[in-house]
Amino acid sequence: MSSNAAQIRELADYLSLVYHESRNVRHLIDKGHLASEPWRLVTRLPRNKHHAWQAIQPSRQAAAVAASALDAAAVFSSRFGVSLDQLVGLYANPNWRHAPAYGGSAWRMPTELVISLIPAIDSGDTSRTPQLLADLRASKHNTGLLSEKLALLDSQL
């Protein structure tokens, strides 16, 4: 497997995580802090994190074999009707402080790293891409490291 293909495969893992977490937008919608559009497709993911992780796997698999990092990201934006930039906006929403156990600001930085990773992979940036991937693996979310969350969710498949 080429380095580029391996990087796209890993990108697909992290795309899966940030979109998986976005299912918690339902908490902001239910509290009236956010309109339900454009989140309709995201909120169709199961509430249970393991069931939601299973449901996201076809998109993860399609993204993992995409011809480019941009194409991998397009798999998710097409499936869920929201872009990575919209996810950054979601995770920057100040109303997450009312739902501290779900989603929120802890996911903003990993999503921004994913956004930065896309052009780094597609341009063949051999210095920046490995660093961004390392930063993603070590990135923290609400309860630990992204790499640990990925391993835990995968262990339940």
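For the range 37-131, the gyration tensor built on C-alpha atoms gives an oblate shape. Its axis ratio a/c (a ≥ b ≥ c) is at least 1.5, and a/b is not larger than b/c.
Per-residue Cβ neighbour counts within 10 Å put Thr43, Thr143, Thr111 in the sequence Thr143, Thr43, Thr111, beginning with the fewest. Sort Leu113, Leu136 so the one with the fewest other Cβ atoms within 10 Å of its own Cβ comes first. The most exposed by this proxy come first: Leu113, Leu136.
Among the chymotrypsin sites (Phe, Trp or Tyr not before Pro) in the range 87-157, none sits in a DSSP loop with a Cβ that has at most 11 other Cβ atoms within 10 Å. What shape does the range 84-157 take by its C-alpha gyration tensor, where a ≥ b ≥ c are the square roots of the eigenvalues and a/c under 1.5 counts as rounded, a/b above b/c as prolate, and the rest as oblate? The shape class here is oblate. Counted by neighbouring Cβ atoms within 10 Å, the residues Ser59, Ser22 run from fewest to most as Ser59, Ser22. Helix 108-122 and the longest principal axis of the Cα set of the chain meet at an angle near 30°. Using a/c under 1.5 as the rounded threshold, could you call the range 1-63 rounded, prolate or oblate? The axes a ≥ b ≥ c are square roots of the C-alpha gyration tensor eigenvalues, and prolate needs a/b larger than b/c, oblate otherwise. Prolate, because a/c is 1.5 or more and a/b exceeds b/c.
Once the Cα atoms of helix 146-155 and of the chain are each reduced to a long axis, what angle between those two axes, in degrees from 0 to 90 to the nearest 10, is obtained? Helix 146-155 sits roughly 80 degrees off the main axis of the chain. Arg47 sits among other residues whose Cβ lies under 14 Å from its own Cβ, and their net charge, with Lys and Arg +1 and Asp and Glu -1, is +2. Compared with the dominant principal axis of the Cα atoms in the chain, helix 49-64 is inclined by about 30°. Under the convention that each Lys and Arg Cβ holds +1 and each Asp and Glu Cβ holds -1, the size of the dipole of the chain around its Cα centre is about 580 debye.
Our helix-only sum for the chain, with -39,500 (n - 2.57) per DSSP H run of n ≥ 4 divided by its residues, gives a mean residue ellipticity at 222 nm of -19000 deg cm²/dmol. With contacts taken as Cα pairs under 8 Å and at least 6 residues apart, the range 3-155 reaches a relative contact order of 26 percent.
Only the coordinates and a few stated rules stand behind these numbers; no lab work does. Treat the numbers as computed from the prediction; the structure is a model and nothing was measured. Cβ: placed from backbone, ideal geometry, glycine included. Neighbour counts: every protein chain shown.
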